[in-house]
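Report on the structure given below.
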Amino acid sequence: FVFKILEGGVSRYGARGELGLQIKRVWLSGGVLRRDGVVVPGLIAFDTGYAAAYSTGTTGMFGTARGKVYKDLGGDVFAVRWNKPGFYRPQVQTREELYLDTKWLSRFPSGDFGFWASVAHEYRENVLFPTPGAVESFAGTPVFAVGSHTLEIRIEVRIQEAVIYWHSMYGINPPTFEYIPGFLQPRQRFLYGVRWQFWN
């Protein structure tokens, strides 16, 4: 059980209670989140029509499943549902990922090789954004980002300390989704390169 004081604004307290169960290499857990009221900032860098606003306290239920299910094949699932939507907070949000994480030790016993490949799905419901005089409700004509389903594919190959990576994200429904109202994301995004750590 975790209890902490949240910083900033008029926020007072937050709490998290969680129970977990390990079955072989998989952890299953679930619990309750509680966040007190807080003043959230307006995203004026995107639109001067946004304004700071008070977000009321809320309680959410969450569940997770994480770990290797067969040899080097694993999964990671997370879902949370709040008792009501709020500014910058969808009422329901989920993420599911299936991955292959191997060092192929039979071929590279030194551990200098690694391979990661994964496919993930993310879902979130409509998200409210604060404007002057707005309330945390979808009643009336609120400003909100439309909920979305997205697909993410990630491939990484590690050779000693260097990692060659390729990440891609795809909008499923809607194909061109938005994190902020009016700022549409491209249907496909690609990121690739090399990460390398070294020292002397």
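The values are calculated or read from the model by the stated rules, or taken from the named source; none is laboratory data. Just so it is clear, the structure is predicted and the values come from calculations on it, not from any experiment. We place every Cβ from the backbone using ideal geometry, glycine too, and count neighbours over all the protein chains shown. Each accessible area value is taken on the protein alone, full model and side chains, heavy atoms only, with ligands, DNA and RNA left out. Shrake-Rupley method; radii C 1.70, N 1.55, O 1.52, S 1.80 Å.
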(message) Quick check: at a probe of 1.4 Å, how many percent of the accessible area of segment 30-186 sits on carbon and sulfur atoms?
(response) 64 percent
(request) Using the Karplus curve 6.51 cos²θ - 1.76 cosθ + 1.60 with θ = phi - 60°, work out ³J(HN,Hα) for each residue of segment 67-79 in order, rounded to whole Hz, and write x for Gly and Pro. (result) x, 7, 9, 7, 6, 9, 9, x, x, 8, 10, 9, 8
(request) Could you provide, to the nearest whole Å², the per residue accessible area of segment 6-93 with probe 1.4 Å? (result) 58 Å²
(message) Around residue 171, under 13 Å between beta carbons, what's the net of Lys plus Arg minus Asp minus Glu among the other residues?
(response) 0
(message) I need the fraction of alpha carbon pairs in segment 35-79 separated by more than 14 Å, rounded to a whole percent.
(response) 68 percent
(request) Would you mind checking which residues have amide H under 5 Å from residue 43's amide H? H placed 1.01 Å from N; only 5 or more apart, or other chain. (result) 51
(request) Only loop residues by DSSP count here, and only those with at most 15 other Cβ atoms within 10 Å; note down the chymotrypsin sites (Phe, Trp or Tyr not before Pro) in segment 145-176 that meet that. (result) none
(request) At 1.4 Å probe size, with every protein chain present, just tell me what the per residue accessible area of segment 130-199 comes to in Å². (result) 66 Å²
(message) Within 13 Å, Cβ to Cβ, of residue 24, how many net charges do the neighbouring residues add up to if Lys/Arg are +1 and Asp/Glu are -1?
(response) +4
(request) Scan (1) 12; (2) 39; (3) 33 for the value of percent of Cα pairs over 30 Å apart calculated from this model and give just the label. (result) (2)
(request) Calculate the length of the line joining the C-alpha centroid of segment 135-171 to that of segment 14-81, in whole Å. (result) 16 Å
(request) Quick one: which residues, 5 or more positions from residue 148 or on another chain, have an amide H under 5 Å from its amide H? H modelled 1.01 Å from N in the peptide plane, none for Pro or chain starts. (result) 124
(request) At most 11 other Cβ atoms within 10 Å and a DSSP loop assignment: could you name the trypsin sites (Lys or Arg not before Pro) in segment 99-152 that fit? (result) 107
